[in-house]
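The values are calculated or read from the model by the stated rules, or taken from the named source; none is laboratory data. Bear in mind the structure is a predicted one, so any value in this text is a computation, not a measurement. Heads up, the Cβs are rebuilt from the backbone with ideal geometry, glycines too, and the neighbour counts pull from every protein chain shown.
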Amino acid sequence: MSLIGGTLGTALLNWASRNGAVERCDVATAYIGRSKLEVLLGARIWDQLRGKEVLDFGCGPGSEAVEIAEHGARHVIGVDLRDAWLELGIEHADASGVADRCTFAREWSDPVDVIVSLDSFEHFADPAAVLAHMCRLLRRGGKVLAAFGPTWYHPLGGHIYSVFPFSHLLFSERALVRWRSLYKSDGATTIEESGLNKMTIRRFIRLVEASPLRFASFELLPIRPLRRIANRLTREFTTAAVRCVLEPR
């Protein structure tokens with residue numbers, strides 16, 4: 001239960017964020033000079049994708065989709081709901097010389113060999129429907145390679161709302177959303193409307209168990225300074241990212 005709300009909560013968030021200038025929630029900075037795909041899915045990822053038709057589900061601006069094509073995938077489809085990001089993906093593929101093997105679209109219905117999903121499951125408005133849709137998109141023998149985080153109880157699990165560690169749990173949702181509205185004009189009135197579904201590890205496991213997919217592998221990557229105390233009881237607070245392979249039942 002949150003402790004601080006109202007006008008005071010909004011004012012404190014604004015002060016702590018240096019009037020909206022906070023950047024620590026931008027997890028992309030963790031991958032500067034490194035391959036996000038290798039960090040989250042392991043160095044063997046290229047062997048798993050080479051020669052395959054790959055769907056990057058929630059591709060963002062297309063960096064990973066292009067990287068997959070550059071490492072030998074037969075065809076890569078980047079899917080995202082934001083047209084601006086799809087346009088960036090097309091430009092990036094063209095500049096990298098892999099435009100003939102990359103497609104960017106808002107939707108895709110043809111079967112693929114592998115689905116890759118990075119840092120998306122904590123954002124999907126209806127993750128259960130996404131899991132079912134992913135299963136329908138897989139060819140026989142196909143797999144979903146997914147990794148995402150931070151999850152909701154991570155110290156920075158509030159993403160943009162993580163002005164400082166655990167601030168998204170300390171302040172009321174109303175105060176958090178009101179603070180965000182000072183700098184964002186999308187009209188979101190809840191955390192979910194702003195694109196964060198409060199995904200926990202426990203919830204994700206239950207969603208998969210209730211879906212047409214099952215875990216072929218499941219791994220929790222601990223926050224490095226908290227590695228020694230990371231266990232089943234503390235995992236919601238000590239996990240940096242979830243990594244898994246999903247396959248049809």
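Annotations for the structure displayed:
- For the condition surrounded by 18 or more Cβ atoms within 10 Å (Cβ to Cβ), among the acidic types (D, E) and more than 30 Å from I223 (Cα to Cα), D113 qualifies.
- All positions within the stretch 148-172 that are over 13 Å from S17 (Cβ atoms) and among the β-branched types (V, I, T): T151
- The stretch 150-169, residues that are of a type in the set (A, V, I, L, M), more than 16 Å from E236 (Cα to Cα) and surrounded by fewer than 22 Cβ atoms within 10 Å (Cβ to Cβ): I160
- Helices (runs of 4 or more DSSP H) fully within the stretch 155-249 that include at least 1 residues being within 16 Å of F124 (Cα to Cα): 201-209.
- Taking the criterion of being over 23 Å from H159 (Cα atoms) and loosely packed, with under 14 Cβ neighbours inside 10 Å, the residues of the stretch 191-213 that qualify are E209, A210.
- Number of the exception - F237 against (1) more than 20 Å from Q48 (Cα to Cα); (2) surrounded by fewer than 18 Cβ atoms within 10 Å (Cβ to Cβ); (3) in contact with a strand residue (DSSP E or B) (Cβ under 7 Å, 6 or more places away or on another chain): (3)
- Per the listing V27, V22, V39, the residue uniquely touching a Pro at 6+ places or on another chain (Cβ under 9 Å) and at pLDDT below 95 is V27.
Every residue, every condition in (1) without any contact (Cβ under 8 Å) to a residue 60 or more places away in the chain; (2) assigned by TED's automatic domain parsing to the domain that holds I90; (3) farther than 22 Å from R74 by Cβ, yes or no:
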residue	(1), (2), (3)
M134	no, yes, no
R140	yes, yes, no
L145	no, yes, no
R180	yes, no, yes
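- Positions within the stretch 103-132 being of a type in the set (A, V, I, L, M) and in contact (Cβ under 8 Å) with a residue 24 or more places away in the chain, in sequence order: A105, V112, V114, I115, V116, L118, A125, A128, V130, L131, A132
- Only one of S96, S35 that is under 26 Å from L221 (Cα atoms) and in the same structural domain as R202 (by TED's automatic domain parsing): S35
- For R178: the one exception among (1) within 16 Å of G20 (Cα to Cα); (2) within 20 Å of the chain's Cα centre (by Cα); (3) not aromatic (F, W, Y): (2)
- Of the candidates L8, L55, the single residue that is more than 14 Å from the chain's Cα centre (by Cα), of a type outside the set (V, I, T), surrounded by 16 or more Cβ atoms within 10 Å (Cβ to Cβ) and modelled with pLDDT of 90 or more is L55.
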